Structure formats: C-alpha cells, structure tokens
Amino acid sequence: MAAATLRDPAPRRIDFLERPAVLSELERWLGVEGLAQTYPQAFHPLGAGQLIGVFDGDRLLSHAVTLDIQARTAAGTSVNAVLIGNVATAPHARGRGLATELLRSILGAAQSRGADAALLWSNKWDFYKRLGFAPAGVQLEAEIIARVDRVASRIRPALASDLPAIFDLHRAKPTRVERDLSALALMLSATPMQTLVLERAGAPVAYACYGKGLDFIGWWHEVGGQDSDVVELVRGAMTVLGQPSATLVLPHYRAGVRDALASDLQEERQGVVALRCPLTQRGAADLFVDGLDSI
C-alpha cells in the first residue's frame, strides 16, 4: 500500500491520551523498554517533548519525537533549535517513504515557528543527507583506563539537594543547551543513568553523568565544573563504580581535561556532536549538546 492511500496521510501530533499506546508500540519496534524513563525530557508526562506520527486510521506507522531548545553557541550567541529523536517506522511499513515525509513535515513546522536548526543523532548519514542534514560540531571521545592508585574521596551520588549547584555548573559552560531547574531535575531522573558529584566544603564543585539508554552505555557523557575538579571526579568515580575503563565525551573547550588525562588514555577519536539541518544562517554556528539533552 503506497503512502498516498493512507486514510490520514499527513503527520500529526500525538495527544496525551494516545501516548501510552504509542510508547508501547514504539518500544516493540525498537526492541527496548522504558523509553519514558530513559528519555524523560521527551517522553515523560512532565517532559516537553512533542510526539509526531503518521497513521493509517488509528494505527501508528511512523514516529518521531521533537523537543524545542535554545542553545548557546561557541560564538556566544543563542540559536533556537529542535531536537529530533526516536525516528522509527513499523517493520511492515518500511521502505514507503513514511519517515521521510514525517521528517519533512517536522522541518517545515520548525522553520515556520522560527527554529534556526534541527538536530538529531543517527549513524544513517546517507538517509539524513537527502533531507539536508550533515555532521555538525566536534567532540573528543576519550577511552580512559582506571588507575588503582586513584583515591575516590569526596565523591558521592548526586542528591535532590544538589540540583541548584548542578544547575549553576551547567550554566557556567561556554557552549550549552539552556535548561531550567525543572527540566534539569527531570533529566537527572533518567534511568539507568548515574550522576556523581565531587564535594568540597559541603557543596558540589563538579558533576558527571554516566550511562543513558542505548546511546551512552559505558560512557561518561556529561561533566560540569572546573577542569581539575572534573578530572578528579571522573578518575575517582571510575574507582567508586569499579570501572576498569570507560569512554569520556568532551567538548572542544575541555582540552585541559584531555591533557590532564593523557596518562590514562587508551584511545581517543574525534566524534560528531550531531547531525544538523540548518534552517537559517544562524543555525550553522558551532555548538555542543551534552548527553543529558540528547533524545
């Protein structure tokens, strides 16, 4: 059956009452469980994600979730962007261009409401290239090995009372996605992720997030704090968690962390922050998206 013969060919927003059934169907397609817990900012009832779908009657055929954000670029400017995640099509409906039409609809809607760029994460570069996406931003992916002589002092799991300090540490980053306290609290509830802090004088001075869904298994994907404190935290946290090795994702401005960890490096590579489709000239600016923000 061609896409044009669908009873409801136009992609539409999925309303709140439809979400449980849609999430169940999406998890079945992807072979995963707990999407609302893994990506709470997108799928949790308190999150700001918008679910978009292509339907045949009341039957979901293709899906994507979007999240509008404001990002601080390396040049110190702000851009409005839409994050796109969990693009998936029912196994029996693949190869009919449904996801392509869904994404075109999302891009058109984003442009009409003033977005400067669309961002997503995928290894299917050829597919997304046809829609105007290209690799954007560079991140260092450093595989580091633990040292048995590292002392893991002043390191503990993050508590709810640490939220204001973690919020301030994130806002101190020169390149970031803007968040408010409510969004941060929801993001830090993601499972099975672990967030640890380095404490000094009774207050967190650095934080680090480890593991999130299928995207960041075995990865430290977000850090905050001064470089020296981040180094102490990551080294000590690996000891706390019993990790012989792990991959640490670093933005361009964390060269000091990389240099301090040189003796622990097993391998390093240049990775891509995201795939981006610029919708305005401003949307082509360099940016970085921490792991907590990805959907």
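The values are calculated or read from the model by the stated rules, or taken from the named source; none is laboratory data. Quick caveat, the model's predicted, so the values are computed rather than measured. Reconstructed Cβ throughout: ideal geometry from the backbone, glycine too, with neighbour counts over all protein chains shown. Ligands, DNA and RNA are excluded from the accessible area calculation, which covers all protein heavy atoms including side chains. Shrake-Rupley method; radii C 1.70, N 1.55, O 1.52, S 1.80 Å.
Over the chain, give the accessible area per residue in Å² for a 1.4 Å probe, as an integer.
For the chain, the per-residue accessible area is 45 Å².
Magnitude of the Cβ-charge dipole of the chain, K/R +1 and D/E -1, about the Cα centre, nearest 20 debye?
Roughly 520 debye, rounded to the nearest 20.
Would you please give the residues with an amide H less than 5 Å from that of Leu279, counting only those at least 5 places away or on a separate chain, with H modeled from the backbone geometry?
Ala117, Ala118
Quick one: Cα centre-to-centre distance for segment 90-135 and segment 11-86, in angstrom?
Centre-to-centre distance over Cα atoms comes out at 13 Å.
What are the lysines whose alpha-carbon lies under 27 Å from the alpha-carbon of Lys173, with same-chain residues fewer than 8 places away excluded?
Lys212
Can you give me the distance in nm between label points at Ala262 and Ser78, each placed 7 Å from the Cα along the Cα-to-Cβ direction?
3.9 nm
Consider the candidate values [x] 68, 45, 43; [y] 65, 38, 34; [z] 57, 47, 41; state which one is Cα extents along the principal axes in Å computed from the structure displayed.
[y]
Once you order the gyration tensor axes a ≥ b ≥ c over the Cα atoms, which shape class does segment 72-152 get: rounded for a/c under 1.5, otherwise prolate or oblate by comparing a/b with b/c? Could you put the intermediate results ahead of the total?
Numbers: a/c = 2.96, a/b = 1.53, b/c = 1.93.
Taking the square roots of the gyration eigenvalues as a ≥ b ≥ c, segment 72-152 is oblate.
If you put +1 on each Lys and Arg Cβ and -1 on each Asp and Glu Cβ, how big is the dipole of segment 102-185 around its Cα centre, in Debye rounded to 20?
Computed about the Cα centre, the dipole is about 120 debye.
Roll a 1.4 angstrom probe over the protein heavy atoms and tell me the percent of accessible area of segment 178-221 that is carbon or sulfur.
60 percent
Which residues' amide hydrogens lie under 5 Å from the amide hydrogen of Gly213, considering only partners 5 or more residues apart or on another chain, with H built in the peptide plane?
Counting only residues 5 or more places away or on other chains, the set is Met193.
In segment 15-104, if the dipole is taken from +1 on Lys/Arg beta carbons and -1 on Asp/Glu beta carbons about the Cα centre, which of Thr89, Val54, Thr77 is farthest to the positive end?
Of Thr89, Val54, Thr77, it is Thr77.
Among the aspartates and glutamates, which have Cα under 18 Å from the Cα of Lys124 when same-chain residues fewer than 8 positions away are ignored?
Candidates past the 8-residue exclusion: Glu101, Asp215.
Assuming a ≥ b ≥ c are the square roots of the Cα gyration tensor eigenvalues, decide whether segment 135-289 counts as rounded (a/c under 1.5), prolate (otherwise, with a/b larger than b/c) or oblate.
Details: a/c = 1.73, a/b = 1.23, b/c = 1.41.
Oblate shape, in that a/c is at least 1.5 and b/c is the bigger or equal ratio.
Between rounded, prolate and oblate, where does segment 238-295 land on the alpha carbon gyration tensor, with a ≥ b ≥ c its root eigenvalues, rounded for a/c under 1.5, else prolate if a/b exceeds b/c?
prolate
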